[in-house]
Amino acid sequence: MGEYVQDRKRHGKKTWSKDKRRFELDVPSRLKARPACDVTRADILALRKAASHAPYQANRTVETIRHTFNLGVDWGSGLRINDNPAHGIIVYP
């Protein structure tokens, strides 16, 4: 998460502080403690379902996680694009 936030600040993303807060508050600690390669699509779907009472927030959290995994691919972490557990998850309307 730290690299993601620093990258967003460096590239002038105005909502980097909201992204940081999303990670801190909306992503369960049990998920943050696991290596990225161990996070599954079921984990992301469960996170989205748990936040279904606030669909806007759930959507933003899933999008932030998706973007974080995509950056991991771009940065050469060894992940492939189909390894992104948030890829293709349908957000709430």
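On a straight-distance basis, which aspartates and glutamates could pair with LYS13 in a cross-link, Cα separation under 15 angstrom, same-chain partners fewer than 8 positions away excluded? Candidates past the 8-residue exclusion: GLU3, GLU63.
Whole-Hz Karplus values for the range 49-59 come out as 5, 5, 9, 5, 5, 10, x, 4, 5, 4, 4 Hz, taken residue by residue from phi with 6.51 cos²θ - 1.76 cosθ + 1.60 and θ = phi - 60°; glycine and proline positions read x. Coupling constants for the range 29-40 follow from the phi torsions by the Karplus curve (6.51 cos²θ - 1.76 cosθ + 1.60, θ = phi - 60°), and in residue order they are 4, 5, 7, 5, 6, 8, x, 4, 5, 9, 7, 10 Hz; glycine and proline get x.
Evaluate E = 1/(1 + (r/R0)^6) for THR40 and LYS14, where r is the Cβ-Cβ distance and R0 equals 35 Å; express this FRET efficiency to the nearest 0.05. Could you put the intermediate results ahead of the total?
Working: r = 31 Å, r/R0 = 0.90.
Computed FRET efficiency for THR40 and LYS14 comes out at 0.65.
None of the figures in this text is laboratory data; all of them are computed from the coordinates on show. Predicted model only: the values in this text are computed from it and were never measured. Quick reminder, even Gly has a Cβ in these numbers, built from the backbone with ideal geometry, and neighbours come from all protein chains shown.
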